[in-house]
Amino acid sequence: MKRILSGIKPTGTLTLGNYLGAIKQFVKLQKKMSDCEFYLFVADLHAITVRQVPSELRKRTLDIAAMYIACGLDKDRTVLYIQSEIPQNVELGYILQSNVYMGELERMTQFKDKVSKQEKSITASLFTYPALMAADIILYDADYVPVGDDQKQHLELSRTIANRFNNSYGDFFIVPDPIIPEVGARIMDLQNPDRKMSKSDENDKGYISLFDDEAAIKRKIKSAVTDSIGIVKYDPINQKGLANLLTIYASIADRNIEDIVTQYAGQNYKQFKEDLGNEIVKVLSPIQENYGQLIKSQELQDILDRGRETASNYAFKKMRKCKRKIGLGRK
Ligand code: TYM
C-alpha cells in the first residue's frame, strides 16, 4: 500500500497559502486515493529552529492538528501525530546529517532567505533543517509528499539523501516523490506579489489567516494590490497581484482560471474582489466552525494518541533496522 505523508511547521498563523498549497491537496488526495495510507504531522521540532514562546508553540501545535481535521481530512484514515512525540525522527535526523554535505545545505534557498533576514543568531538546527525533514519522510517509507512549491528544493535534497544512503548501505529507504499542485502551489503576498504569502509575515494585510473572520477576509481582499490596467485577465508578468488573486479564486473554488477570466470580461476589479472575498468566506467559515468544536474536544487528543502509537510502532522498527544496517550499537 502506498503511503502519502506531509507536515506543517507551527510558526505564525496558518495561512490561505498553507491551505491551498498543502492542506487542500492532502484532503483531495485522500478522497481520490482510497488505497493509500495517509500520515500527517505537526513539525514542532522544525519550529524551534527559530526561538519560540513555549506556551504559544504548544497552542499552535494543537491548532494545526485541529485545523487539519477541520479542513476535511478523514480522521479514521489519517495517522495524525506530533513530530517531537516520536524520538526516532530526531535519531534518524542526526544520522542523516552524516549523509548530507555542507555545500548541499548551504544551497537551500529557505536557509539563505532566513539568514538574509536574520543575519545574526542563526542556529545550527536551521542549517541542518533539511536532514530532519528528510528523516520525517523516509523514516516512514513515504512514497508521495504533497507540498507547496517552496518545499520542492527540500524534497529534492531528501531524495538525494535517501539515494545516497541506499547506495552506501544497500536499498533501505523509499525515495519519495513530491506532489505539487498545478494551481495554488505558490500563493503570493496580497500586498507584495513578488513575495510568497507567509505565516511569519509581520504585515497581516499580506496574508489571510485561516482564523480570520469574514470582515477581515473581505477587507484584505479588497485592499490587495492590483494594477491600473483595470482588465481582468491572467498576466503574471504585468498584472502580478491580479494573477495571484485569480489563482486563489481558481484554487479555492475548484475552477479554471480561464473560466473566471471569461466570467469577468468587461468588468472592473471591484466585483471580482467582492466575489472572491465571498468565495473564501464560504470555504473558511465551516472550517472555522469545525475547528472551534475540535480544539476543545477529547476527540482531538484521542486522534493524536492513536497517531502517535501507529507512527511510533513503524518508526521504532525501521530505526532498529537502520541502526543495524549502519553498524550502530552491538547488534
Ligand atoms: P511550512 O509549515 O512552511 O508550510 C506547510 C505547507 O504549506 C505550503 N505553503 C504554501 N503553499 C502555497 N503557497 C504558499 N504561500 C505557501 N506557504 C506554505 C508549504 O509548501 C508546505 O507544503 N519544512 C516544512 C514542514 C515539514 C515537512 C516535513 C513537509 C517538515 N517536515 C516533511 C513535508 C514533509 C515547512 O516548513 O512547511
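Here the stretch 1-10 is the region considered, the condition is being within 11 Å of the ligand (Cβ to nearest atom) and of a type outside the set (Ser, Thr, Tyr), and the residue that is surrounded by the most Cβ atoms within 10 Å (Cβ to Cβ) is 10. Just to be sure before I move on: is residue 208 assigned by TED's automatic domain parsing to the domain that holds residue 247 and in contact with a Lys or Arg (Cβ under 6 Å, 6 or more places away or on another chain) in the structure I sent? When the stated conditions are applied, residue 208 passes them.
Look at (1) at pLDDT 95 or above; (2) surrounded by 19 or more Cβ atoms within 10 Å (Cβ to Cβ); (3) within 8 Å of the ligand (Cβ to nearest atom); (4) not β-branched (Val, Ile, Thr) and you find that residue 193 fails only one, number (3).
The residue of the stretch 145-171 that is nearest to the chain's Cα centre (by Cα), among those that are within 20 Å of residue 319 (Cα to Cα) and surrounded by 20 or more Cβ atoms within 10 Å (Cβ to Cβ), is 158.
Do you know which of the residues in the stretch 11-30 that are part of a loop (DSSP other than H, G, I, E, B) and more than 8 Å from the ligand (Cβ to nearest atom) is farthest from residue 213 (Cα to Cα)? Reasoning before the result, please.
Filtering the stretch 11-30 down to residues part of a loop (DSSP other than H, G, I, E, B) leaves 11-14.
This time we only want the ones that are more than 8 Å from the ligand (Cβ to nearest atom), so: 12-14.
Numbers: 12: 17, 13: 14, 14: 14 Å.
Checked the stretch 11-30; the qualifying residue farthest from residue 213 (Cα to Cα) is 12.
Any residue at all in the stretch 296-303 that's part of a loop (DSSP other than H, G, I, E, B), at pLDDT 95 or above and within 30 Å of residue 5 (Cα to Cα)? Scanning the stretch 296-303, I find at least one residue that is part of a loop (DSSP other than H, G, I, E, B), at pLDDT 95 or above and within 30 Å of residue 5 (Cα to Cα), so the answer is yes. Looking only at the stretch 36-44, decide whether some residue is outside any helix (DSSP H, G or I), out of contact with any Gly (no Cβ under 7 Å at 6 or more places or on another chain), surrounded by 16 or more Cβ atoms within 10 Å (Cβ to Cβ) and of a type in the set (Phe, Trp, Tyr). Checked the stretch 36-44: at least one residue is outside any helix (DSSP H, G or I), out of contact with any Gly (no Cβ under 7 Å at 6 or more places or on another chain), surrounded by 16 or more Cβ atoms within 10 Å (Cβ to Cβ) and of a type in the set (Phe, Trp, Tyr). Just give me the residues in the stretch 262-279 being farther than 16 Å from residue 208 by Cα and in contact with a Phe, Trp or Tyr (Cβ under 6 Å, 6 or more places away or on another chain), in sequence order. Result: 264, 272. Filtering the stretch 150-179 to residues that are of a type in the set (Asp, Glu) and either away from the ligand (no atom under 14 Å from the Cβ) or at pLDDT below 95 (or both) leaves only 171.
The values are calculated or read from the model by the stated rules, or taken from the named source; none is laboratory data. Computed from a predicted structure; not experimentally measured. Every residue, glycine among them, receives a Cβ derived from its backbone with ideal geometry; neighbour counts consider all protein chains shown.
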